[in-house]
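What follows is one structure encoded as structure tokens, with my remarks underneath.
The values are calculated or read from the model by the stated rules, or taken from the named source; none is laboratory data. Remember, it's a predicted structure, so these values are computed and weren't measured experimentally. We place every Cβ from the backbone using ideal geometry, glycine too, and count neighbours over all the protein chains shown. All accessible areas refer to the heavy atoms of the entire protein, side chains included, with ligands and DNA or RNA removed. Shrake-Rupley method; radii C 1.70, N 1.55, O 1.52, S 1.80 Å.
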Amino acid sequence: MDADLQQRRSIEAGLRQALQRGELRLVYQPLLGLAENRVICVEALLRWDHEGRTISPTEFIPIAEETGLIVDIGEWVLREACKTVASWPGDVRVAVNLSPIQFKSKDLVSVVKSALADAQIAATRLELEITETLLLAENDTNLAALHDLRAMGVRISMDDFGTGYSSLSYLRSFPFDKIKIDRSFMRDLTSRGDGQAIIKAVVGLGQSLGMSTTAEGVETEEQLEMVRAHGVSEVQGFLFSPPLPPAALANL
Ligand code: C2E
Ligand code: MG
Ligand code: MG
């Protein structure tokens, strides 16, 4: 068996037990509202502590999706994030990433309802982040679920915007509350002339469609000033804060 396959098998076997063993945890990265000048939302990001190291979601989420384990893991994330936001002050919202696989299990909407009810938080404090792969199949069931969630008061964000190939048509297919501009555009902002033009265009698009915009991956003051000048609503990135354990977040 080649090394890659062996590594995959071992991740898969470990992942099957990660929930029961309590090896999964959430870290939280704040999103700063530029007009409000305060944290208005915090994104929950999964971490897996396994055999002495912390495994990144980019490594294990694809395997969790292929094996279907993401359905249970994703439900745990939702419940955990809702419980955590219940302990935060005021109206700070929590954002949770959803995998397209979670939409295949028919009861996603009831899982969200139950997570909100158990944590006793208003639906308006929850944001769900999806990527355009969810809409790729032009699946009516997925769209219906999104509409149901939004009707409950949950906000829906388009994550990693601009990384796919026909993003613009997806913005027409659903009334997203927020567009999160992929962090690859931040990298280009200072090195490529077209970077700023793209940010400006996406912000304009968001404004005319009634969607707020978040710049992901803001790492420098220079990037912050540029996205601010173009009217981005929120920023997220290492400049402001890395993802933090819930206890550390309380200090913000
Ligand atoms: P994402 O949803 O786009 O999350 C943002 C990622 O960018 C996070 O990586 C975050 O740590 C990273 N990031 C934030 N600010 C900066 C910055 O200034 N510079 C750089 N270089 N990176 C920054 P992370 O935590 O490794 O998560 C990666 C991806 O894994 C997420 O991308 C999301 O697609 C997925 N993911 C994480 N948690 C979950 C989950 O609970 N469920 C699902 N389905 N996917 C998840
Ligand atoms: Mg996200
Ligand atoms: Mg993203």
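Brief remarks on what is shown
- For the chain, the longest principal axis of the alpha carbon atoms and the long axis of helix 108-119 meet at an angle near 90°.
- For the chain, adding -39500 (n - 2.57) for each run of n ≥ 4 DSSP H residues and dividing by the number of residues yields -14500 deg cm²/dmol at 222 nm.
- Report note on the peptides 142-154, 210-222: ranked by the mean count of other C-beta atoms within 10 Å, highest first, their order is 210-222, 142-154.
- For the chain: accessible area per residue (Å², 1.4 Å): 49
- Shape category assigned to the range 156-210 from the gyration tensor of Cα positions, a/c cut at 1.5: prolate
- Rg over Rh for the range 169-239 works out to 0.96, both radii taken from alpha-carbon positions and Rh defined as the Kirkwood radius.
- Here the chain has 51 percent of its accessible surface on carbon and sulfur atoms, given a 1.4 Å probe and all protein chains in place.
- Antiparallel bridges, percent of DSSP beta bridges restricted to the range 28-97 (to nearest 5): 70
- All C-alpha to C-alpha distances of the range 1-136, sorted into 5 Å bins beginning at zero, yield P(r) values of 2, 9, 19, 21, 19, 15, 9, 4, 2, 1, 0 percent in whole numbers.
- Degrees between helix 3-18 axis and first principal axis of the chain (Cα, 0 to 90, nearest 10): 80
- Against the chain, whose longest principal axis comes from its Cα atoms, helix 193-209 is set at around 80 degrees.
- For the range 122-137, the Karplus equation 6.51 cos²θ - 1.76 cosθ + 1.60, evaluated at θ = phi - 60°, returns couplings of 6, 4, 5, 8, 10, 10, 10, 9, 10, 10, 5, 4, 5, 9, 3, 6 Hz by residue, with Gly and Pro reported as x.
- Antiparallel %, DSSP beta bridges [both residues in the chain], to 5: 45
- Over the chain, volume per residue of the alpha carbon convex hull, in Å³: 146
- Lysine pairs meeting the criterion (Cα under 22 Å, 8 or more apart or interchain), as found in the chain: 5
- Positive minus negative residues near ASP148 (Lys, Arg vs Asp, Glu; Cβ under 13 Å): +1
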